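A short worksheet on the structure shown next.
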Amino acid sequence: MTPPASIAIAEAGPAPTRERPPASVYGPFAWVRANLFNGIFSTIVTLVLGVAIAWALYGFLKWGVANAIWSVPTTATGALDPTACRAAHGTGACWAAINDKWRFMLFGRFPYDQQWRAGICIALFIGLFYVSSDRRFWRKELAYIWAATLAVIFTLMWGGVFGLSYVPQDEWGGLPITLILATFGLALAFPLSVLVALGRRSTALPAVKTLCIVYVELIRGVPLIALLFMANVMFPLFMPVGLNPDKLLRAQVAIILFAAAYLAEVVRGGLQALPKGQAEAADALGLTYWQKTLKITLPQALRLVIPPLVNTFIGFFKDTSLVLTIGILDLLTASKTAMADPVWQGVSTEIYIVVAMVYVAFCYTMSSYSRSIERKLDRARNR
Amino acid sequence: MFRLTVGAGLLASALLAALPAMAQPSGSATLDAVKARGTLICGVAGAVPGFSLPDSQGIMRGIDADSCRNVAAAVLGDANKVKFAVTTTQNRFTALQSGEIDLLVRSTTWTLGREASLGLEFAGVNYYDGTGFLVKKALGVKSAKEMDGATICVQPGTSTELAISDYYRVNKMKFTPILIQDLAEIQAAFLAGRCDAYSTDSSALATFRATQTNKDDFLLLPEIISKEPLGYVVRKGDDKWFDIVRWSYFATVAAEEMDVSSKNVDEMLASTNPDIRRLLGVEGEMGKSLGLDAKWAYNIIKQVGNFGETWDRNITVLGVPRGINAVWTKGGLHYAPPIR
């Protein structure tokens with residue numbers, strides 16, 4: 001409930017001394033009265049929902065905190081003894097399983113003593129997102145930062161240099177895989193999608209236009225899972241024996257192609273929404289096609305489509321979990337594999353909760369960032 | 001015409017000249033590839049407890065994983081030189097056909113259809129499994145024959161589903177299937193009493209029963225209604241490789257028969273028993289005839305263990321009885337031809 005920007009500016013000046021407004025119109029009490037107990041119907045709804053929420057919260061806390069098993073003893077042979085967890089099954093959460101499995105969930109089959117490398121990669125990815133989100137860094141140098149960070153990330157993941165042991169791609173897993181697939185998928189799909197959107201609207205190049213339409217319609221007409229299967233199951237059959245691009249790379253290419261087709265339609269929607277006068281004015285000024293596109297139409301079009309773009313981004317971040325069908329251990333698959341451990345049989349809710357929290361953290365950050373950037377870029381409209 | 005002939009001749013001689021350079025002494029493309037690479041790429045499920053499942057440290061554990069290690073120990077002399085490729089039920093055969101993996105040990109049932117039509121062959125069986133039924137003791141049923149009209153929880157699209165309907169048709173009984181895809185959900189449904197019996201591979205049923213706190217409330221019915229021999233799969237057409245994979249399995253069974261284990265294998269090198277001496281490469285040229293080192297079987301037994309050790313480490317801990325998976329001398333089905 002922040003006040004609109006105009007009011008904030010008006011209040012910023014030297015405030016004249018004035019009396020505090022009465023508590024009945026300003027302050028938390030007034031807010032509660034105005035928003036929660038505003039009339040009989042509203043009061044009933046508030047009470048009913050309040051009781052329901054309290055009841056659910058009580059149940060969750062009882063299960064997740066009060067009755068929860070936080071650690072289990074180790075048997076004489078060094079194995080974990082999950083008897084306590086099995087006894088508490090249904091009444092209390094078994095966080096001991098997370099305690100045992102969190103590293104596998106986050107890093108998959110990455111060699112155990114080398115997992116700090118994958119951990120640094122996650123931190124680097126988050127740092128990269130943070131830096132890229134700040135408008136002060138939107139300069140040419142950002143491209144170098146990206147290139148350098150990605151180089152560091154892949155050096156850490158692969159190793160084989162600077163005394164780091166070599167880790168084949170098959171052993172990568174968990175959150176780094178999800179981040180790699182999502183980051184590269186979107187970072188490469190986005191430029192491709194802009195080109196496809198421009199191509200699809202092109203009037204001067206009918207062949208390119210047809211190609212773009214065929215590409216978009218073909219990819220959109222097929223489920224992502226089918227594309228992943230094609231990349232994983234059919235593609236190797238066409239290649240000579242021994243000449244096989246890596247499984248992860250094949251999945252990555254499939255995701256890029258799929259994301260680009262969807263993003264292209266979003267971008268095209270933005271281009272469609274611009275009044276024709278903008279392009280005509282640019283033409284009248286004698287700008288070339290690329291000048292017109294890069295300086296006039298595209299910036300305005302992209303600004304218009306931030307919400308659907310972010311919507312698609314969030315969708316794809318989660319869709320990367322479909323690689324489980326082709327045996328790549330991303331965050332969700334690694335967690336499901338952790339669940340299969342007979343020691344922790346029956347412990348699935350706890351693991352799903354942790355995975356959901358990781359996904360929510362990333363997706364919520366994306367959506368709240370999109371809201372803030374919409375506000376910043378839309379100042380021109382909201383004056 | 002002349003030019004064409006000369007050209008063809010040149011090409012042919014170039015090919016002939018290239019051939020000896022490419023051909024390796026082993027005569028097996030897969031063996032050469034594995035040796036050149038220095039690692040064995042082995043396709044596993046990566047999600048089946050007891051067969052292949054990464055532990056909390058990410059290390060692949062299970063009888064399938066150890067079967068891969070056997071082959072790596074025999075071929076490369078180091079059981080750890082295995083790259084485990086996680087395959088799904090859909091892509092496992094393609095991965096093998098396309099050469100992405102050298103060997104598939106993914107609890108895959110040996111059937112005529114698969115061997116005859118997929119260009120693959122089964123080099124050995126590391127687990128004789130079969131479809132079984134798990135019921136609550138409170139139900140009072142002692143045999144599957146008493147289960148007319150029962151509701152049975154089963155995963156859709158599996159061979160289990162087919163096996164049950166065949167079994168009920170043959171025995172002229174009726175049942176109501178409750179089809180649930182997700183493993184955790186199907187187990188919860190059975191525990192909650194939504195179905196009278198839970199049916200899947202008997203190994204999985206035994207594991208499930210063993211991990212319940214009240215395991216004595218459950219009964220695994222004696223009937224095993226289908227045959228599911230699970231084993232090693234290789235590509236057709238590479239007979240040398242087939243031999244290596246098959247005999248790396250036989251070596252572990254032979255070792256168990258003769259009580260050679262990872263603990264006593266070094267003492268056994270001094271054994272006077274000619275069978276043991278041949279197995280461990282002290283005598284004869286068994287390894288050489290396979291295209292391997294003389295110590296091939298010694299390396300398997302020393303680094304991975306004999307068949308019984310592998311079994312105990314991976315399957316016994318799940319609470320699954322040995323049953324027909326004992327060696328033949330103890331009444332089971334695992335039988336190795338003589339190593340001589």
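What follows is calculated from the coordinates using simple rules that are stated; it is not laboratory data. None of the values given here were measured: they were computed from a predicted structure. Using ideal geometry, Cβ is built from the backbone for each residue, glycine included, and neighbour counts are taken over all protein chains shown.
Would you please give the residues with an amide H less than 5 Å from that of B:R61, counting only those at least 5 places away or on a separate chain, with H modeled from the backbone geometry?
B:L53, B:D55
In cubic angstrom, how much convex hull volume per residue do the alpha carbon atoms of the range B:179-250 span?
Per residue, the Cα convex hull of the range B:179-250 comes to 159 Å³.
Rounded to the nearest Å, what's the spacing between the alpha carbon centres of the range A:198-229 and the range A:317-352? Just the number, please.
First find each Cα centre; the distance between them is then 33 Å.
Any of B:K263/B:K302; B:K215/B:K330; B:K236/B:K302; B:K81/B:K295 with alpha carbons more than 18 Å apart? Name them for me. Please report the intermediate quantities before stating the final value.
Working: B:K263/B:K302 8 Å; B:K215/B:K330 27 Å; B:K236/B:K302 30 Å; B:K81/B:K295 16 Å.
B:K215/B:K330; B:K236/B:K302, as the Cα separations exceed 18 Å there.
Please say if the range B:131-220 is rounded, prolate or oblate, where rounded means a/c under 1.5 for a ≥ b ≥ c the square roots of the C-alpha gyration tensor eigenvalues, and otherwise the choice is prolate for a/b larger than b/c and oblate otherwise?
Because a/c hits 1.5 or more and a/b fails to exceed b/c, the range B:131-220 counts as oblate.
FRET efficiency for A:T288 and A:N99, Cβ-Cβ distance as r, R0 = 41 Å, nearest 0.05?
Once the sixth-power term is evaluated, E becomes 0.10.
Show me the three semi-axes of the equivalent ellipsoid for the range B:236-340, from the C-alpha gyration tensor (sqrt of 5 times each eigenvalue), largest first, rounded to whole Å.
For the range B:236-340, the semi-axes come out at 23, 17, 12 Å.
Given the -39500 (n - 2.57) contribution per DSSP H run of 4+ residues, what per-residue ellipticity at 222 nm results for chain A, rounded to the nearest 500 deg cm²/dmol?
Values: 17 runs with 241 residues, N = 383.
After summing the helix terms and dividing by residue count, I get -20500 deg cm²/dmol.
Which value, in debye to the nearest 20, describes the size of the charge dipole of the protein assembly as shown about its Cα centre when Lys and Arg Cβ atoms bear +1, Asp and Glu Cβ atoms bear -1, and nothing else is charged?
Dipole size: approximately 2560 debye.
If R₀ is 25 angstrom, what is the calculated FRET efficiency for the pair A:V45 and A:E374, using the beta carbon separation as r and rounding to 0.05? Don't skip to the answer; put the middle values down first.
Numbers: r = 31 Å, r/R0 = 1.23.
The computed FRET efficiency comes out at 0.20.
Can you list residues whose amide H is under 5 Å from B:T151's amide H, if they're 5+ apart or on another chain and H is modeled 1.01 Å from N?
Residues meeting the criterion, in which the H sits 1.01 Å from N, are B:T176, B:D196, B:A197.
Relative contact order for chain B: what percent, with Cα pairs under 8 Å and sequence separation of 6 or more? Kindly include the intermediate steps, with their values, before the conclusion.
Working: 592 pairs, mean separation 70.0, N = 340.
The normalised contact order for chain B reaches 21 percent.
Could you run the Karplus curve 6.51 cos²θ - 1.76 cosθ + 1.60 with θ = phi - 60° over the range A:135-145 and give me ³J(HN,Hα) per residue in whole Hz, x for Gly and Pro?
Values, residue by residue: 5, 5, 8, 6, 9, 4, 4, 4, 4, 5, 4 Hz.
Name the long-range amide H neighbours of B:A123: under 5 Å, sequence gap of 5 or more, or other chain; modelled H, no Pro or chain starts.
Amide H neighbours of B:A123: B:Y232, B:V233, B:V234.
Among the listed pairs A:K336/B:K136; A:K318/B:K227; A:K140/A:K336; A:K318/B:K35, give every one whose C-alpha distance is greater than 31 Å. Don't skip to the answer; put the middle values down first.
Details: A:K336/B:K136 27 Å; A:K318/B:K227 40 Å; A:K140/A:K336 41 Å; A:K318/B:K35 40 Å.
Violating the 31 Å Cα-Cα cut-off are A:K318/B:K227; A:K140/A:K336; A:K318/B:K35.
Given labels modelled 7 Å from the Cα in the Cβ direction, how far is it in nm from A:M239 to A:N38?
Result for the modelled spin labels: 6.1 nm.
Can you compute the modelled spin-label distance between A:A56 and B:V170, with each label point 7 Å from Cα toward Cβ, in nm?
5.1
Treating the beta-carbon of each Lys and Arg as +1 and of each Asp and Glu as -1, no other charges, what is the dipole magnitude of chain B about its Cα centre, to the nearest 20 debye?
Values: 35 positive and 36 negative charges, 72 e Å.
So the magnitude is around 340 debye.
In nanometres, what is the gap between the two model label sites at A:I213 and A:L195, each 7 Å from Cα along Cα-to-Cβ?
For A:I213 paired with A:L195, the spin-label model returns 2.1 nm.
Sort the range A:115-166 into rounded, prolate or oblate with this rule: let a ≥ b ≥ c be the square roots of the eigenvalues of the Cα gyration tensor; rounded if a/c is under 1.5, and if a/c is not under 1.5, prolate when a/b is larger than b/c, oblate otherwise.
Because a/c hits 1.5 or more and a/b fails to exceed b/c, the range A:115-166 counts as oblate.
Can you tell me which aspartates and glutamates have their Cα less than 17 Å from the Cα of A:K62? Leave out same-chain residues fewer than eight positions away.
Cross-link targets: A:E350.
Name the shape class, rounded, prolate or oblate, that the alpha-carbon gyration tensor gives for the protein assembly as shown, where a ≥ b ≥ c are the square roots of its eigenvalues, rounded holds for a/c under 1.5, and otherwise prolate holds if a/b is larger than b/c and oblate otherwise.
Oblate shape, in that a/c is at least 1.5 and b/c is the bigger or equal ratio.
Note down the magnitude of the dipole of the range A:175-328 about its Cα centre, charges +1 on Lys and Arg C-beta and -1 on Asp and Glu C-beta and zero elsewhere, to the nearest 20 debye.
So the dipole magnitude of the range A:175-328 works out to roughly 200 debye.
Please report, ordered by residue number, every helix of chain B (full DSSP H runs) that is 24 Å or longer along its axis going by C-alpha atoms and whose mean Kyte-Doolittle hydropathy reaches 0.5.
For chain B, where a helix must reach 24 Å along its axis and average at least 0.5, the hits are B:2-22.
Which residues among the range B:200-223 fall inside the zone where the amide N is under 18 Å from a point 7 Å beyond the Cα of B:L162, along Cα→Cβ?
B:200-202
Among B:V141, B:L220, A:L124, whose Cα sits farthest toward the positive end of the charge dipole of the protein assembly as shown (+1 at Cβ of Lys/Arg, -1 at Cβ of Asp/Glu, about the Cα centre)?
Of the listed residues, the answer is A:L124.
Identify all lysines with a Cα-Cα distance to B:K174 below 16 Å; exclude those on the same chain that are fewer than 8 residues away in sequence.
Partners found: B:K145.
Can you tell me the relative contact order of the range A:257-362? Whole percent, Cα pairs under 8 Å, sequence separation 6 or more.
It comes to 22 percent, rounded to a whole number.
Using a cut-off of 16 Å between alpha-carbon atoms, which aspartates and glutamates can reach A:K292, once sequence neighbours fewer than 8 places away in the same chain are excluded?
A:E280, A:D283
So if R0 is 41 Å, what FRET efficiency would A:I225 and A:W31 give, r being the distance between their Cβ atoms, rounded to the nearest 0.05?
Approximately 0.30, to the nearest 0.05.
With a cut-off of 8 Å between alpha carbons and a minimum separation of six or more residues, what is the relative contact order of chain A in percent? Mind showing how you got there, number by number?
Numbers: 348 pairs, mean separation 65.7, N = 383.
Answer for chain A is 17 percent.
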